[in-house]
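Enquirer: Right, I'll just put the structure down here and ask away after.
All of the numbers you see were taken from the coordinates with simple rules; none came from a lab. As the structure is a computational prediction, the values presented were derived from the model and not from experiment. A quick note on method: Cβ atoms are made from the backbone with ideal geometry, for glycine too, and the neighbour counts reach across all protein chains shown.
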Amino acid sequence: MLDRAGLWGSNRMEDLIYIKDLRVQTIIGIFGWEREVRQEVSIDLEMTFDCKRAAKTDAIEDTIDYKKITKGIIKFVEESEFQLQETLAEGIADLVKNEYKVGSLKLRVSKPGALRHAEDVGVIIHR
């Protein structure tokens, strides 16, 4: 999971809702063979959110519906055909911020096994 220390660059207390290691198959890459086969990407998403109201009311309407966000991300990624992980990450961030009204987020997108001597390679963005 993403490191929590100094995540948002301040000392104030903020709650996070997260999705860890969401695995989705998509077309991604710059090489010819990558444009012909679906590859797995791994997604970690952290969203800042004040959970106090939801904790008090115990109502889904008062929190971030991570199931709905996950379904939206899966649909977006499965239908995409980007060359770069950077472009995919930016698209996911735009979707989450605009469609689901999330204020700030940290997103990690990686391609497991993309490099022979590394577990994975990817990009982390803050929006």
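Enquirer: Would you mind working out the magnitude of the charge dipole of the stretch 42-126 relative to its Cα centre, with +1 at each Lys and Arg C-beta and -1 at each Asp and Glu C-beta, to the nearest 20 Debye? Can you show the working numbers first?
Expert: Values: 13 positive and 16 negative charges, 44 e Å.
Computed about the Cα centre, the dipole is about 220 debye.
Enquirer: For the chain, take the longest principal axis of its alpha carbons; what is the angle in degrees between that and the long axis of helix 66-79, to the nearest 10 within 0 to 90?
Expert: That helix lies at roughly 20 degrees to the long axis.
Enquirer: Largest first, please: the extent of the C-alpha atoms of the chain along each principal axis, to the nearest Å.
Expert: For the chain, the Cα spread along each principal axis is 52, 28, 19 Å.
Enquirer: Dipole of the stretch 16-126 (Lys/Arg Cβ +1, Asp/Glu Cβ -1, origin at the Cα centre): which of S80, I17, I92 lies farthest to the positive side?
Expert: Positive-end residue among those listed: I17.
Enquirer: Right, something else. Check G29: other-chain or 5+ apart residues with amide H under 5 Å from its amide H, H built from backbone geometry?
Expert: Amide H neighbours of G29, under 5 Å, 5+ apart: Q83, L84.
Enquirer: Roughly how many Å is it from the Cα centre of the stretch 14-76 to that of the stretch 77-127, as a whole number?
Expert: Using only Cα atoms to place each centre, the spacing works out to 10 Å.
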